[in-house]
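Quick notes on the structure that follows.
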Amino acid sequence: MSISNSEDKKKIILNAAADIVKEEGVAKLTLEAVAKKAGLSKGGLLYHYSSKEALIIGMVQDWTYRYFKSIETIVENNTKSGVGNWTSAYIKASFSDLNLDKRLSSALLVAMFTNPSLLEEYKKEYDILLGKLMNDGVDPINVTIIRLAIDGMWFSEIFGLGSLDTNLKNNFINKLNNMIKEEE
């Protein structure tokens, strides 16, 4: 497969890196492994990411941007205005693209284990989102329960702990959404 676009190559590299972390663990994330998985030479990888740290920064920045942008897009496309728009979008974004969530999780795990200061950008975006959630017209206790439930679900998915079957996961999501509807 011939890839001419630099941005496409970067996405392939970032996806390969996330796949390695998800499938083999953080310790297996090497430039050689990522280049091989992405179908590039190590030199081709280094053209886009000059070091392992640059690759990890790229992972965190890209997946952080995509995740928070998906929440904003859901809010922008919501035809219903009022109570719970941000909270509802947070729930939807957190469960609508589990592949994105797993890739973001992989990026955050790598950063946490290799250079925790790389998480600062994610923390800033998360704090901005928290401000929007807490001022969304939903009881702050319900927002906190929803947020911690989603964080717990992420943790469960990342580490494969107590995975939920599809029916239970759907009921879980419905329960979270009902907590918003109680406020309307």
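Miscellaneous remarks
- Its relative contact order, with pairs defined as Cα atoms under 8 Å and 6+ residues apart, puts the chain at 22 percent.
- Scattering profile of the chain at q = 0.11, 0.14, 0.18, 0.19 Å⁻¹ [log10 I(q)/I(0), Debye over alpha-carbon scatterers]: -0.54, -0.82, -1.16, -1.24
- With θ taken as phi - 60° and the Karplus curve 6.51 cos²θ - 1.76 cosθ + 1.60 applied, the whole-hertz 3J(HN,Hα) list for the range 144-159 is 5, 4, 4, 4, 5, 5, 5, 4, x, 5, 4, 4, 4, 5, 4, 9 Hz, x standing for glycine and proline.
- Applying a threshold of 27 Å to the alpha-carbon distances of LYS42/LYS124; LYS42/LYS92; LYS132/LYS175; LYS69/LYS169; LYS9/LYS80; LYS28/LYS69 flags LYS42/LYS124; LYS42/LYS92; LYS9/LYS80; LYS28/LYS69 as lying beyond it.
- For the range 62-184, the Cβ-based charge dipole about the Cα centre amounts to some 180 debye (Lys, Arg positive; Asp, Glu negative; other atoms uncharged).
- Whole-Hz Karplus values for the range 12-29 come out as 4, 4, 5, 5, 4, 4, 5, 4, 4, 4, 5, 8, 10, x, 4, 4, 8, 7 Hz, taken residue by residue from phi with 6.51 cos²θ - 1.76 cosθ + 1.60 and θ = phi - 60°; glycine and proline positions read x.
- Binned Cα-Cα distances of the range 88-184, short to long, each 5 Å bin given as a whole percent: 2, 11, 20, 24, 19, 14, 7, 2, 0
- Sorted peptide list for 7-20, 163-176, 42-55, criterion being average Cβ within 10 angstrom, highest first: 7-20, 42-55, 163-176
- Per-residue ellipticity at 222 nm, computed for the chain from helices alone with -39500 (n - 2.57) per DSSP H run of at least four residues, works out to -25000 deg cm²/dmol.
- Measuring max minus min along each principal axis, the C-alpha atoms of the range 116-164 give extents of 33, 29, 10 Å (largest first).
- Pairwise FRET efficiency - ILE158 versus MET134, Cβ, R0 = 22 Å, nearest 0.05: 0.30
- Proxy reagent accessibility, fewest Cβ within 10 Å first, across TRP63, TRP86: TRP63, TRP86
- Using Cβ point charges alone (K and R +1, D and E -1), the dipole size of the range 141-183 about the Cα centre works out to roughly 40 debye.
- When the Cα positions of PHE155, ALA17, ILE74 are compared along the charge dipole of the chain, ALA17 comes out farthest toward the positive end, with charges on each C-beta of Lys, Arg, Asp and Glu.
Rule-based calculations on the coordinates, nothing more; no lab input. Predicted model, so just to flag it, every value in this text is computed and none were measured. Glycine also receives a Cβ, built like all others from the backbone with ideal geometry; neighbour counts cover every protein chain displayed.
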